[in-house]
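Data block below; observations after.
The values are calculated or read from the model by the stated rules, or taken from the named source; none is laboratory data. The structure presented is a predicted model; accordingly, all values stated were derived computationally and were not measured. Note that we place each Cβ from the backbone using ideal geometry, even for glycine, and neighbour counts take in every protein chain shown. Ligands, DNA and RNA are stripped out before the accessible areas are found, and what is left, the full protein with its side chains, is counted by its heavy atoms. Shrake-Rupley method; radii C 1.70, N 1.55, O 1.52, S 1.80 Å.
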Amino acid sequence: MSQRPATAPLSWLAVLAPAAVAAALCAVGIASRSLWLDEGASVAIASQHGAALWRGIAHDGGNMLVFYLALHEVFALFGEGTVALRLLSLLGQAATAGLVAWLALSLFRSRRVALGAGLLVAVSVPLVFWGQDGRGYALMVTFATASFVALLAMAGGGSEGRGRGRAGWIVYVVCLTLALYLGFDAALVVPAQLLLVVLWRRPLRPVITALGLVVLLCVPLAVLALERGSGQLFWVPPLSGSTLGQALVTLVSSGLPPNVHTTLLTGFSAAFITGLALVGLVKVARGGATRGDAVGGGASGGASGGASGGAVGERETERFEAGGLVPALWLGVPMLLAVLAAAVGEPLELARITILSIPALALLLAAMMLGPRGSPRARGVGAGAFLLVLAFRVAVLVPYYGEHPEPWSTVSARVLAAARAGDCVAFYPQDGRMPFDYYVRRATGSAGRAAPPRPILPAAPWSATTPYVEAYRVPALTALTRLTAGCERVWLIASHQGQAQGPARSRANLAGYERLQAELRARYGSSSVARYGYAAAIEVGLYTH
């Protein structure tokens, strides 16, 4: 008992330090990075009110429902600035780093492992990207991670753990439900959690009843999703070696294709970290999956470190083998299910789904490199490997700052600066209107700023902020003639317009874009096209007589 007051602050430091690092890394440049297409949708939907807000959410199939509602309240409090748009994601990424550290304390009883796992989450370019993004993915990972923390509390046995088990049951239901309302992909962690309980030889009934309640709470979400269907995912490419490679690079935090440029370092880092992960998985498998009594002990016991000798080393090894089962299943099961679903034709973007398992990989790597003590030489090798992994992640993360993969701010500024009286602007798809409109409204009232071009596709005034989701409309020739009446010049701004090698719907959308270009060229005779960005390039065409 005498050690607990001295060690508890250090345990909290191991949890809070990664959270602070994660928040700081997400704060760097958070206001300067340009919005991209989907962030424009977040603004357009969350800025609606009443029935219009619910229509916008329903049109998106209920995806990120909780995020839109929360963002709506943030906008009401702080306005629609870029920081306000991304604040929830920053807080989510910080919370994820802290939760992973807390989970490591509970599983491995080691501040070294906790601090290491939390830092690996904090310095992860995919998680930093989503932590700086006005979408719900960072928070989805947060609540999925929190559901594992709650599951651990719920699975803790013994009379003294009953109160904690009841609280864990409630928190588990809340966190898993919120994760699903933030992103449908969160459902992939549930089979891993069920398998964990089975292998821990814990009663299944509490988990089954919790999941039953989660299913009931998610009925409205299921209704919205079924009404919307999977047609909105037409852009997702089929399973291939390329998509698997992108998913692997994202999972090991060696990059984030196509938003982060791929370099030689990307491949070397991915190979090294993948090798370490495989070693960790083999160690867990060889240790046996039935040592569940070593988990669920809570974080307070994980701070002690005064004992030494072979007995301590053996206990730490046992904790790794038992506690390592959590990240091993959390890492493997969702990925396996996602790949199998993609193989049978389900439209799943593997690279985006992998962010659910990045915290699991961080736990596994930190436990393997910083966990069981062994000999001084082994400890040195483990610490060196950890520092190398951290250095790889920093080397990938640093060049990411200052990049604008989809620079709608630049496009908007240049079009507004070059606009003349009598100009019109069209968007293909109409979704591009949302991020462009965001910067138009921010520029309104600036000294010397020319009036923006008149919008014709969609033909809605700039004063109207309307969500446009997957609006690939090409007007008939007569309608186009009517829309362009009075337009001296037409700006055609396109992004995500389709892929020549993509699925059938994507190829059809690209054909529509090419037809719209041809009709404008026939009407105006002269055209020029400029391209901006690289993740999803924005094409800006200007058609003149």
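Data table
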item	result
When residues of segment 498-524 are limited to those that are open to solvent by 20 Å² or more (accessible area, probe 1.4 Å) and touching a strand residue (DSSP E or B) at 6+ places or on another chain (Cβ under 8 Å), the one farthest from Ser412 (Cα to Cα)	Arg523
Sole residue being assigned to a helix (DSSP H, G or I), of a type in the set (D, E, K, R) and surrounded by fewer than 24 Cβ atoms within 10 Å (Cβ to Cβ), chosen from Arg112, Arg86	Arg112
Condition check for Leu226: at pLDDT below 95 and either in contact with a His (Cβ under 8 Å, 6 or more places away or on another chain) or closer than 21 Å to Leu361 by Cα (or both)	no
Residues of segment 208-227 satisfying the condition of being over 23 Å from the mean Cα position of the chain (by Cα) and open to solvent by less than 50 Å² (accessible area, probe 1.4 Å)	Ala210, Leu211, Gly212
Looking only at segment 353-380, and only at residues there that are crowded, with 24+ Cβ neighbours inside 10 Å and hydroxyl-bearing (Ser, Thr, Tyr), the one that is farthest from Ala247 (Cα to Cα)	Ser357
Within segment 49-78, considering residues that are aromatic (Phe, Trp, Tyr) and without any contact (Cβ under 8 Å) to a residue 24 or more places away in the chain, the one surrounded by the most Cβ atoms within 10 Å (Cβ to Cβ)	Trp54
Residue check for Gly134: in contact (Cβ under 8 Å) with a residue 24 or more places away in the chain, in a loop (DSSP other than H, G, I, E, B) and farther than 21 Å from Glu406 by Cα	no
Qualifying position, being modelled with pLDDT under 95 and not hydrophobic (A, V, I, L, M, F, W, C), among Arg489, Arg449	Arg449
Inter-residue pairs, beta-carbon under 7 Å, first closer than 19 Å to Ala192 by Cα and in segment 211-227, second surrounded by 11 or more Cβ atoms within 10 Å (Cβ to Cβ), 6+ apart	Leu211/Val190; Leu213/Val173; Val214/Val173; Val214/Leu176; Val214/Thr177
Test: residue in segment 190-207 that is free of Cβ contacts under 8 Å to residues at least 40 places away in the same chain, surrounded by 18 or more Cβ atoms within 10 Å (Cβ to Cβ) and of a type in the set (Val, Ile, Thr)	yes
Test set (1) modelled with pLDDT of 95 or more; (2) under 18 Å from Arg135 (Cβ atoms) - Asp38 fails condition number	(1)
Selection from segment 255-266 of residues that are polar (S, T, N, Q) and either in a helix (DSSP H, G or I) or in contact with a Lys or Arg (Cβ under 8 Å, 6 or more places away or on another chain) (or both)	Thr266
Count - residues of segment 20-48 that are over 30 Å from Ala537 (Cβ atoms), touching a helix residue (DSSP H, G or I) at 6+ places or on another chain (Cβ under 8 Å) and open to solvent by 20 Å² or more (accessible area, probe 1.4 Å)	3
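Let's see how each residue does on (1) free of Cβ contacts under 8 Å to residues at least 24 places away in the same chain; (2) among the hydrophobic types (A, V, I, L, M, F, W, C); (3) within 18 Å of Ala138 (Cα to Cα):
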position: Gly332; (1), (2), (3): no, no, no
position: Pro347; (1), (2), (3): no, no, no
position: Ala351; (1), (2), (3): no, yes, yes
position: Thr354; (1), (2), (3): no, no, yes
position: Ile358; (1), (2), (3): no, yes, yes
position: Ala362; (1), (2), (3): no, yes, yes
position: Met368; (1), (2), (3): no, yes, no
position: Ala378; (1), (2), (3): yes, yes, no
position: Val381; (1), (2), (3): yes, yes, no
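Residue-wise test of (1) within 26 Å of Leu119 (Cα to Cα); (2) exposed (fewer than 14 other Cβ atoms within 10 Å of the Cβ); (3) in contact (Cβ under 8 Å) with a residue 60 or more places away in the chain.
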residue	(1), (2), (3)
Gly384	yes, yes, no
Leu390	yes, no, yes
Val394	yes, yes, yes
Pro399	yes, yes, yes
Ser412	no, no, no
